[in-house]
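Every number in this text was worked out from the coordinates using simple rules, so none of it is lab data. All values derive from a computational prediction rather than experimental measurement. Note that we place each Cβ from the backbone using ideal geometry, even for glycine, and neighbour counts take in every protein chain shown.
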Amino acid sequence: MLSEYDNLDSTLKQLKAKKKSAFQSQKLSKKTFKTQKAGLNQALFNPNKANLDELLENGIPSYPAKNLINFRNKGKVYRNKEELLSVYGMTEKIYKLIEPYIDLPSKEDETIYSTFERVYEDTHGVKKKSKEPEVVPFDLNLATKEDLMQVRGIGVFFSGKVIQLRQDLGGFYKVEQAKDTWKLPDSTYQELLKVAFIQTEPKKVKINYIKWEDWKTRLIKYNQKRAIFAYRKQHGFFKDPSDLEKIKILDKADIEILSHYIDFDIPE
């Protein structure tokens with residue numbers, strides 16, 4: 001049994017030595033191998049701390065450099081090199097140029113190291129590193145900004161955008177609608193899917209009562225809304241979603257969505 005622990009110790013030490021060597025190589029590149037092509041002055045940089053000038057000097061064009069800083073200011077934390085590929089304007093060509101100078105682990109190294117470190121701690125009784133706070137599941141139609149900001153990748157900016165979309169729709173009838181949040185990265189959307197649920201129904205419009213000026217919605221286009229009011233004026237009250245099928249300008253997808261937001265109650 002002790003020999004197994006010794007082997008594990010040896011493996012972890014080798015892995016740490018490899019990471020230390022890689023870091024020292026990066027430091028060496030900072031001191032002695034700064035690139036002087038195309039006016040660049042490349043050096044080791046941390047994308048979570050570097051200012052705009054440092055990003056530009058390392059070969060990142062102005063557009064992706066400003067986007068990187070904007071996302072960072074809104075709560076984004078870059079945990080590995082590959083996450084920079086999600087920055088708007090960051091191409092594979094740019095990434096290959098700057099990759100050796102990014103002061104972050106690669107996704108592969110981060111995964112390997114975490115796995116060995118966890119095994120080591122479990123078998124040696126070493127105090128484990130504190131975990132990220134557990135996200136408490138929440139009803140997306142009742143979620144506050146604080147609820148949303150529990151989700152990895154959602155800061156002040158995206159929490160506001162999710163709530164704005166919810167208000168524009170009148171609420172969500174399924175969590176998947178949050179994918180339409182402006183500029184929300186797919187990776188962040190996938191994290192949201194893990195903890196959000198719908199228990200509270202969205203607000204419903206009384207289609208047989210509502211006045212034109214009172215129905216402000218992004219669910220349908222202007223001409224579709226006009227066709228609905230024209231149909232009601234000509235044929236009378238809507239009884240159920242099947243009446244919407246008689247309006248040719250509405251397709252099945254439109255009717256499916258509207259059915260979750262319309263109350264077909266008929267005035268007495």
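Structure values in brief
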item: Whole-angstrom gap from the range 196-253 to the range 152-192, using each part's C-alpha centre; result: 24 Å
item: The range 205-263: C-alpha gyration tensor shape, a/c 1.5 cut-off, then a/b vs b/c; result: rounded
item: Ascending count of other beta-carbon atoms within 10 Å, so fewest first, for TYR63, TYR261; result: TYR63, TYR261
item: Per-selection Kirkwood Rh - the range 138-197 (Cα, Å, 1 d.p.); result: 11.0 Å
item: Too-long pairs where the Cα-Cα distance tops 23 Å, listed order kept, from LYS76/LYS161; LYS216/LYS248; LYS93/LYS194; LYS93/LYS179; LYS161/LYS246; result: LYS93/LYS194; LYS93/LYS179; LYS161/LYS246
item: Footprinting exposure proxy for VAL151, VAL136, VAL175, VAL77 (fewest neighbouring C-beta atoms within 10 Å first); result: VAL136, VAL77, VAL175, VAL151
item: Relative packing of 217-230, 92-105, 157-170, which averages over residues the other C-beta atoms within 10 Å, highest first; result: 157-170, 92-105, 217-230
